[in-house]
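Bear in mind that the values in this text are calculations on the coordinates, not laboratory data. All values derive from a computational prediction rather than experimental measurement. All Cβ positions, even for glycine, are placed from backbone atoms using ideal geometry, and neighbour counts span all protein chains on display.
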Amino acid sequence: MSDRLSDMLGEALRLARELEDEIDAPALRGRLAGLEALIEQARAIAPPLRTAAITPGTKRAALIAWLQQPGGATAEEIETAFGWSAGALSAVLSGLRRDGYRLTRYRRSGDRRSTYRIE
């Protein structure tokens, strides 16, 4: 299970507990206990994300290092730096996701294209 999914499940449980505090209902307490048990089971059995080995000196290694920086990189910056088309960039990013990297996509203010970052 990814850290992000685990965090999301934990947040859902926290919100449900807040609701429990506001509503005194025995049936809700039972359901929350069941939800807690399911979340713990999911955390225990889900395999952690694995990342593929990185070959030093490759474009892929350079891209991974770049995307791990706090600001990430825009699609245009990546395409220009590596001489890739938009389709090639899409394929490389899909491969990174498939290999277990958690990519975040967002837009910086004023940019037309997406910015990517590895969490």
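Taking amide H atoms as placed 1.01 Å from N in the peptide plane, the amide H of residue 74 lies under 5 Å from those of 116, each 5 or more residues away in sequence or on another chain.
With neighbour counts taken as other beta-carbon atoms within 10 Å, the residues 114, 94 rank, fewest first, as 94, 114.
Note on residue 77 and residue 41: their simple-model spin labels are 4.5 nm apart, each label 7 Å out from Cα toward Cβ. Ellipsoid semi-axes for segment 59-118, based on the Cα gyration tensor and the rule √(5λ), read 16, 14, 11 Å when sorted largest first.
With the simple model of a label 7 Å out from the Cα in the direction of the Cβ, residue 111 to residue 98 spans 2.5 nm. Counted by neighbouring Cβ atoms within 10 Å, the residues 116, 106, 101 run from fewest to most as 106, 101, 116.
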